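Working notes, beginning with the structure itself.
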Amino acid sequence: MRENRIRQRWAAGEAVINGWLAIPNAFCAETMAHQGWDSLTLDMQHGVIDYQAAVNMLTAISTTATVPLVRVPWLDEGIVMKMLDAGAYGVICPMINSRAEAERFVAATRYPPQGIRSFGPIRALLYAGADYAQRANDTVLALAMIETRQALDNLDEILATPGLDGIYIGPADLSLALGCTPRFDQEEPAVVEAIEHILARTKAHGLAACIHNGTAGYARRMLERGFDLVTIGSDARLMASAAQQAIGEVRAASTTSTGSSY
């Protein structure tokens with residue numbers, strides 16, 4: 001079975017740099033995958049990606065060594081299983097608020113007897129290999145999003161869920177839950193304190209700590225703090241940022257040129 005390079009990097013004490021895909025296009029996904037990301041996450045919650053687009057994007061990513069992950073829309077065992085069958089090597093599940101929800105989520109990512117996942121890895125066999133059934137439970141990742149006050153209250157119970165591989169902090173929703181401005185790269189004390197608390201408790205339980213970031217600079221800070229996986233922006237945000245920068249440079253040069261001609 002194809003190895004999960006995220007697990008390999010974590011076992012070696014190395015962090016993972018994750019990219020984010022919101023645009024439902026295989027060529028876009030393939031282009032991103034060729035840029036050197038350790039992993040790429042298809043966002044089916046807030047991105048504009050449906051199942052058919054996701055399958056095409058997973059196929060495109062598989063032209064590289066980049067590990068494909070999926071953030072599912074919600075805690076729905078059916079879509080969790082379906083995305084694993086499509087070849088995702090890990091699932092990020094939003095709004096996990098309790099131990100019971102974490103158990104439901106993990107169970108959907110594991111075949112019996114460890115879980116309840118139904119067998120039918122229609123594309124996963126092509127991506128992972130013929131021994132998928134024997135090794136999938138030890139290969140795919142289950143990452144629960146911590147992003148609400150209820151999740152903070154139940155954090156240690158969630159982290160103690162057998163089979164859970166790690167948590168993924170959603171800073172925007174976490175900010176809202178704490179009465180702060182919803183955004184990435186938070187500096188508001190209440191949110192920063194919550195992030196530090198989640199990180200410390202996650203490490204104490206021996207799980208991987210992951211976080212979403214808006215900029216490379218903030219992601220580097222999170223790596224320095226000890227996070228195991230950092231997400232940098234998204235395809236849509238990176239495209240918009242690069243376009244704005246290019247337009248600004250040309251307009252500035254044009255203005256300077258025009259001004260010097262008089």
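A compact table of results
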| item | result |
| --- | --- |
| Test for Y111: is it out of contact with any Gly (no Cβ under 7 Å at 6 or more places or on another chain) and closer than 27 Å to G19 by Cβ | no |
| Among the candidates T109, T41, residue that is out of contact with any helix residue (DSSP H, G or I) (no Cβ under 8 Å at 6 or more places or on another chain), touching a residue at least 40 places away in the same chain (Cβ under 8 Å) and crowded, with 23+ Cβ neighbours inside 10 Å | T41 |
| The lone exception for I195 - which of (1) open to solvent by 30 Å² or more (accessible area, probe 1.4 Å); (2) in a helix (DSSP H, G or I) it fails | (1) |
| Test result for L164, under 21 Å from R7 (Cα atoms) and in a helix (DSSP H, G or I) | no |
| Test: residue in the stretch 77-92 that is part of a loop (DSSP other than H, G, I, E, B), closer than 19 Å to D138 by Cβ and without any contact (Cβ under 8 Å) to a residue 60 or more places away in the chain | yes |
| Which listed residue is of a type in the set (A, V, I, L, M, F, W, C), under 18 Å from G163 (Cα atoms) and either open to solvent by 10 Å² or more (accessible area, probe 1.4 Å) or free of Cβ contacts under 8 Å to residues at least 12 places away in the same chain (or both), from L223, L207 | L207 |
| The stretch 15-32: number of residues that are open to solvent by less than 60 Å² (accessible area, probe 1.4 Å) and within 14 Å of the chain's Cα centre (by Cα) | 7 |
| Condition met for R201 (among the basic types (K, R) and either within 30 Å of F27 (Cβ to Cβ) or crowded, with 19+ Cβ neighbours inside 10 Å (or both)) | no |
| Top-ranked residue in the stretch 66-106 [being among the aliphatic types (A, V, I, L, M) and out of contact with any strand residue (DSSP E or B) (no Cβ under 7 Å at 6 or more places or on another chain); ranked as least open to solvent (accessible area, probe 1.4 Å)] | A86 |
| Residue count for the stretch 44-54, restricted to those that are farther than 22 Å from R104 by Cβ and buried (at least 19 other Cβ atoms within 10 Å of the Cβ) | 3 |
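The values are calculated or read from the model by the stated rules, or taken from the named source; none is laboratory data. The model shown is predicted, which means the values in this text are computed figures rather than measured ones. For neighbour counting, all protein chains shown are included, and Cβ atoms are generated from backbone atoms with ideal geometry for every residue, glycine included. For accessibility, only protein heavy atoms count, side chains too; no ligands or nucleic acids. Shrake-Rupley method; radii C 1.70, N 1.55, O 1.52, S 1.80 Å.
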